Amino acid sequence: MIILITGTRKGIGKAIAEHFLAHGDTVIGCSRTLPDWAENFSNYEHFTLDVSDEEKVLKMFGKIRKNYGGLDALINNAGIASMNHSLLTPIETVKNIFSTNTIGTFLFCREAAKIMRKKKFGRIVNFVTFAVPFKLEGEASYAASKAAIVSLTETLAREYADFGITVNAVAPPAIQTDLIRGVPEEKMNRLLQRQAIHRFGTFEDVINAIEFFLRKESDFVTGQVLYLGGV
Amino acid sequence: MKEINKIILEQIEDYNDFLETKMDTSAGNDTILFGRGGVIDSVDFVTLLLDIEQAVNDEYGTHIAISNSRAMSQKNSPFRTVGTLAEYIKNLLEE
């Protein structure tokens, strides 16, 4: 498969990229700075860009179309968060969060679908969060930006169905990455208790869900959000 | 390089192969793409626009995206006819 993954420099994005690279897939990745591992794989190409920069994103998709002749899957992993009380959150922060998470996801879905439609096949996996159904205090703008992605996923699933493209989303459980670095341990433990399965998630949990959505046989699965850990 | 309206008309002819009710391009620039008097539905309209976008980008070596908030509007769409779409794309290329 030819798979485009956003936010591959570190964390879940890096783990997903390395997983598919190890399985022999061709992976195209992007992030704002170059990953230090990019040169380890001959089947990996990196684009250094901001996912909400339309001009650069259009150029990247133009190159993908020309150089690869198609695109099988898009994994919209890139995301930023800001843990803060809404009363103390600057508008600039809210704009940045929506720009990367929501607008970036929309832009990549739109451009990927343009390429995928040619082969009447495509798999898009977006990233949402348990912060939406849990309505977590301190994550108002982050959760709102991801709630918008739930809505996008459901609507785009319908708009792209005619082109053979499925659009789904995965909501990773709490995983010990940079995103939750500043959250107190007690708060994280309370959070885990709200899941059906009271443990931190792993990258493998997320990869397993993505692999399910990407399978050829999953062509009847679209517009769904998969909350890991039993949210 | 090919003129924009020529590219659009060529793409319509190509797309006609997939349509049961063909689009009649004899009116040239006045050929209606979408809306009253048009023969294609919204999915075909979107698909045709994307084919045109790709053909323009290939011909001119550009990376434009044909998008407009009034795209599906009956009255004010810049994509209503071959002529208005060609004009719209020319402006995009000059930006």
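The values are calculated or read from the model by the stated rules, or taken from the named source; none is laboratory data. All figures in this text were calculated on a predicted structure; none of them were measured in a lab. Every residue, glycine among them, receives a Cβ derived from its backbone with ideal geometry; neighbour counts consider all protein chains shown. Side chains included, ligands, DNA and RNA excluded: accessible areas come from the protein's heavy atoms. Shrake-Rupley method; radii C 1.70, N 1.55, O 1.52, S 1.80 Å.
Surrounded by 17 or more Cβ atoms within 10 Å (Cβ to Cβ) and without any contact (Cβ under 8 Å) to a residue 40 or more places away in the chain, is that true of B:Ala65? For B:Ala65, the condition - surrounded by 17 or more Cβ atoms within 10 Å (Cβ to Cβ) and without any contact (Cβ under 8 Å) to a residue 40 or more places away in the chain - is met.
Considering the stretch A:25-47, the residues that are touching a helix residue (DSSP H, G or I) at 6+ places or on another chain (Cβ under 9 Å) and of a type in the set (Val, Ile, Thr) include one that is nearest to the other protein chains (Cβ to nearest Cβ), namely A:Ile28. One residue is enough: does the stretch B:35-44 have a residue meeting the conditions buried (at least 16 other Cβ atoms within 10 Å of the Cβ), touching a strand residue (DSSP E or B) at 6+ places or on another chain (Cβ under 9 Å), among the aliphatic types (A, V, I, L, M) and farther than 26 Å from A:Arg65 by Cβ? Among the residues of the stretch B:35-44, not one is buried (at least 16 other Cβ atoms within 10 Å of the Cβ), touching a strand residue (DSSP E or B) at 6+ places or on another chain (Cβ under 9 Å), among the aliphatic types (A, V, I, L, M) and farther than 26 Å from A:Arg65 by Cβ, which makes the answer no. Taking into account only those residues within the stretch A:88-114 that are open to solvent by 30 Å² or more (accessible area, probe 1.4 Å) and within 14 Å of another protein chain (Cβ to nearest Cβ), which is farthest from the chain's Cα centre (by Cα)? Taking the candidates together, the pick is A:Arg110.
Look through A:Ile165, A:Ile210, A:Ile197, A:Ile180 and report the one residue that is away from chain B (no Cβ under 14 Å) and under 30 Å from B:Thr47 (Cβ atoms).
After ruling out the rest, the residue left standing is A:Ile210.
Looking only at residues of the stretch A:29-80 that are of a type in the set (Val, Ile, Thr) and assigned to a loop (DSSP other than H, G, I, E, B), we find that the one that is modelled with the highest pLDDT is A:Val51.
For the stretch B:51-62, how many residues are within 8 Å of chain A (Cβ to nearest Cβ) and either more than 20 Å from B:Leu19 (Cβ to Cβ) or without any contact (Cβ under 8 Å) to a residue 12 or more places away in the chain (or both)?
2
Can you pull out the residues in the stretch B:68-87 that are within 18 Å of B:Lys2 (Cβ to Cβ) and buried (at least 18 other Cβ atoms within 10 Å of the Cβ)?
Within the stretch B:68-87, B:Val82, B:Leu85, B:Ala86 meet the criteria.
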